[in-house]
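Derivation of every value follows stated rules applied to the coordinates shown; laboratory data play no part. A quick note: this is a predicted structure, and the numbers were derived from the prediction, not measured. Here the Cβ is made from the backbone with ideal geometry for all residues, glycine too, and neighbour counts use every protein chain on show.
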Amino acid sequence: MNEREIIDGLMIRRAIGSPSAAEMNLMLSVGNAENDVDVHQAVQEILRQREKMEREGTLNSNLRLVARYILVMEGESSLLLADELLNKGNVRAFRFFFDMGFGITITLGKLISTEDELYRDWDEEQAKIDSMLESVGVSVSDRVNATLINKQFDKKRLEILKKDPTGFLVLDEIMNEFKPGGEDLPNSICEQYVLFGANIARNQYRAIYPEVANK
């Protein structure tokens, strides 16, 4: 899913509202029971991708390869499933899979963008972010504040990545950045579901990355 589709999904999600405590506990218990990753299969697929890129001369870092694999397999697939569930009228499952997918996508997107920070044109990137925030009704003053905060977080994450190129400590920092009501935890979505997704991203990355890096 692209940024526009995620924004549209957030608008729909806001209109649907929050889950009850009973619903939240039920969905999290189901999610915990099914939250397994086949590390061997994931590693083999990532290594195939890496070999293909080596042949094509477009090699990416292990950080990006692993993060992108999980983002697509877990984050984007959850968001697409959420869309299907909504079309079928299953609001309860839509809430869970959208919010969980949002958490996975935000977490790994930030990890990838931290590595990109070494090469990115910040002014161009910030213009895209500002446009996205404006499209969902964020005020000018709030957009300015978000810009300043993001620059501080980006700089801190970049310094952490320089010291720990595995990305493990950056993921820990990203988890610490989740704040209720912030851009990563909008009031329209369920904090517990988003953090559940963020933890899936971190745990799967920690399981898969060493296996890829050592081959």
**OP:** With 30 Å as the limit, write out which pairs from 52/162; 162/215; 52/156; 52/110; 155/179; 110/215 have Cα-Cα distances beyond it, or answer none.
**Re:** 52/156
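Please report the net charge: other residues with Cβ closer than 14 Å to the Cβ of residue 18, K and R +1, D and E -1.
Values: positive: 13, 14, 92, 95; negative: 23, 99, 191.
So the environment of residue 18 carries a net charge of +1.
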Subject >> Ordering of 53-63, 103-113 by packing [mean C-beta count within 10 Å, highest first] >> reply: 103-113, 53-63
**OP:** Evaluate Rg over Rh across the stretch 68-117, taking Cα atoms for both radii and Kirkwood's formula for Rh.
**Re:** 1.10
Original post:
Amide H to amide H, which residues 5 or more places from residue 185 or on other chains are under 5 Å from it, using H placed in the peptide plane?
Top reply: 179
Original post:
Hey, fewest Cβ within 10 Å first, where do 171, 71 land in order?
Top reply: 71, 171
